[in-house]
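Notes follow the structure.
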Amino acid sequence: MKTPTLRPRTCWPVAFLFAALLFVTACSDSQPSAPTTTAAVQPAASAPLIADATTASPPADYQRAKWDPIHFKPAIDQASDQQCLACHAEVLKPSVRKTSPAGVEAATAKAWYQQTSTYEGEQDTFHRRHLQTTLSKQLMNMRCTTCHQGNEPRDEAPGSSATVHGGNGEFTLRKMVNPETTCLKCHGKMNWEVMGLPGPWAQSKETFQNNCMLCHAAIRTNRHQVNYLNAKAIEEAGQTNGDVCFGCHGARAWYRTSYPYPRHAWDGMAPEVPDWAKGRPTESEVRFITATMNTPAQSAAKNIAAAQGASQ
């Protein structure tokens, strides 16, 4: 009787497939080098950080486009909408389904964002509602970089790479933007308890003639002075229709929490800080502050300039 011996079983089909996979991967990674473009590589120190959209060449391939300097700071802070839309033009194309997957026709149903009186027209896509509608052009000055601050091509999970840090507001799991510092600004819950209203705005607006300016003509008067909003248009429209204010302060709420807006000082503001406002910033983010922002420092500078002019 022969003693059985253990012999390694050779799986030739598996080995062949594995070798073929390695060969295909090597071929896909070793693409011929493409001509150097101003948009694909880091420009020289003496050149502008981002080339003009009319002169910049499109990236040679997807890999170069993904790692283009425009997707990272500091280049993203100077990126124009034209440069973003050169590769992302599809976000502004009208592409709403005529019929939902459940069979409901869009023309016979109202989306959640159509519930306020300020929305006009049929259903529209996310980016078009923020950039292309009549109301968005009238009241807002949104740009691509208002929300998008670049894109990290590594694993989209906090702590998964050297440049992605969780817990500090720079990154949110699987999101192209940080909702807590962008979306929540206009899509948070209306904090009617802090405002001292008798109930939610839907129940209280008749008491205040659907006019937020009855109170806010003297309270928190230093507002909307950021570069993604048209402050004058908002103030004028809000005097005749409270939905203009409520639309961004609770009517289109995505979240159950309210946004902790900075408390910009206004004339007659009480020096005591209420408990609900403790810890809040007193200035908007630097990248959102406009040249006309009436901050305390700017107000002091204006007063000094006026005094000097009067003395001359």
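The values are calculated or read from the model by the stated rules, or taken from the named source; none is laboratory data. Values in this document were obtained by computation on a predicted structure and should not be read as measured data. Note that we place each Cβ from the backbone using ideal geometry, even for glycine, and neighbour counts take in every protein chain shown. In case anyone asks, the SASA skips ligands and DNA or RNA and just uses the protein heavy atoms, side chains included. Shrake-Rupley method; radii C 1.70, N 1.55, O 1.52, S 1.80 Å.
The table that follows gives values for the structure above.
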read-out: Unique match (being closer than 16 Å to Met140 by Cβ and at pLDDT 90 or above) among Lys278, Lys232, Lys205; value: Lys232
read-out: Per-region count, the stretch 237-280, residues over 22 Å from Val226 (Cα atoms) and either open to solvent by less than 50 Å² (accessible area, probe 1.4 Å) or among the aliphatic types (A, V, I, L, M) (or both); value: 3
read-out: Search result, residues across the stretch 89-139 that are surrounded by 11 or more Cβ atoms within 10 Å (Cβ to Cβ), in contact (Cβ under 8 Å) with a residue 12 or more places away in the chain, in a helix (DSSP H, G or I) and out of contact with any Leu (no Cβ under 8 Å at 6 or more places or on another chain); value: Ala106, Tyr113, Arg129, His130, Thr134, Leu135, Gln138
read-out: Test: residue in the stretch 140-152 that is open to solvent by 80 Å² or more (accessible area, probe 1.4 Å) and within 22 Å of Val286 (Cβ to Cβ); value: yes
read-out: Output for the stretch 187-207, where each listed residue is part of a helix (DSSP H, G or I) and touching a Leu at 6+ places or on another chain (Cβ under 9 Å); value: Gln203, Ser204
read-out: Number of positions in the stretch 223-260 that are among the polar types (S, T, N, Q) and under 16 Å from the mean Cα position of the chain (by Cα); value: 1
read-out: Residue within the stretch 56-76 that is at pLDDT below 50, more than 28 Å from Arg129 (Cα to Cα) and surrounded by fewer than 13 Cβ atoms within 10 Å (Cβ to Cβ) present; value: no
